[in-house]
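S.K.: Following this message is one structure expressed as structure tokens.
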């Protein structure tokens, strides 16, 4: 193949590759726009936080009973934990913590570390705390009933 043909083939391959990448990204974006909160990110189980302007905005539309039903349907009984210097599992008191971790498991929610950078962070974090407390209390009761 001569030099000009080689350049043209390389250009076409790079253009096709770029087109496939752009098209794939567009399809991923479109498929997520009408999804529920469990379908918006690769899931590791339980509640999945969607990609939004603020990583905790998912809580604004979250409904504990529906989210527990979805998680149970997927056989994911993990409790929701807050990260930071000391991980915490809201709604679970210290006397139940070891049992809860053993029978349910847990996952750390994104953006729940120690740093609060704005009033919006503080507002959303307090909503997530209330949500996780209610979610964990109900999920622990379910885990106990399944494991008894």
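S.K.: So, in the range 107-142, how many residues would count as being under 14 Å from residue 78 (Cα atoms) and crowded, with 20+ Cβ neighbours inside 10 Å?
M.R.: 6
S.K.: Moving on to the next point. Can we say residue 146 is in contact (Cβ under 8 Å) with a residue 40 or more places away in the chain and surrounded by fewer than 15 Cβ atoms within 10 Å (Cβ to Cβ)?
M.R.: yes
S.K.: Still on this structure, I have one more. Can you pull out the residues in the range 117-145 that are touching a helix residue (DSSP H, G or I) at 6+ places or on another chain (Cβ under 8 Å) and over 15 Å from residue 66 (Cα atoms)?
M.R.: Of everything in the range 117-145, those that are touching a helix residue (DSSP H, G or I) at 6+ places or on another chain (Cβ under 8 Å) and over 15 Å from residue 66 (Cα atoms) turn out to be 124, 127, 128, 140, 143, 144.
S.K.: Quick one: residue 80 ticks every box in (1) within 25 Å of residue 118 (Cα to Cα); (2) modelled with pLDDT under 95 bar one, so which box is it?
M.R.: All conditions are met except number (2).
S.K.: For residue 100, only one of the following conditions fails: (1) crowded, with 16+ Cβ neighbours inside 10 Å; (2) within 18 Å of the chain's Cα centre (by Cα). What is its number?
M.R.: If we test residue 100 against (1) crowded, with 16+ Cβ neighbours inside 10 Å; (2) within 18 Å of the chain's Cα centre (by Cα), just (2) comes out false.
S.K.: Also: Give the residue, chosen from 66, 74, that is more than 13 Å from the chain's Cα centre (by Cα), touching a residue at least 12 places away in the same chain (Cβ under 8 Å) and either farther than 20 Å from residue 141 by Cα or surrounded by fewer than 14 Cβ atoms within 10 Å (Cβ to Cβ) (or both).
M.R.: 74
The values are calculated or read from the model by the stated rules, or taken from the named source; none is laboratory data. Source: prediction; values computed, not measured. Every residue, glycine as well, gets a Cβ built from its backbone with ideal geometry; the counts of neighbours run over all protein chains shown.
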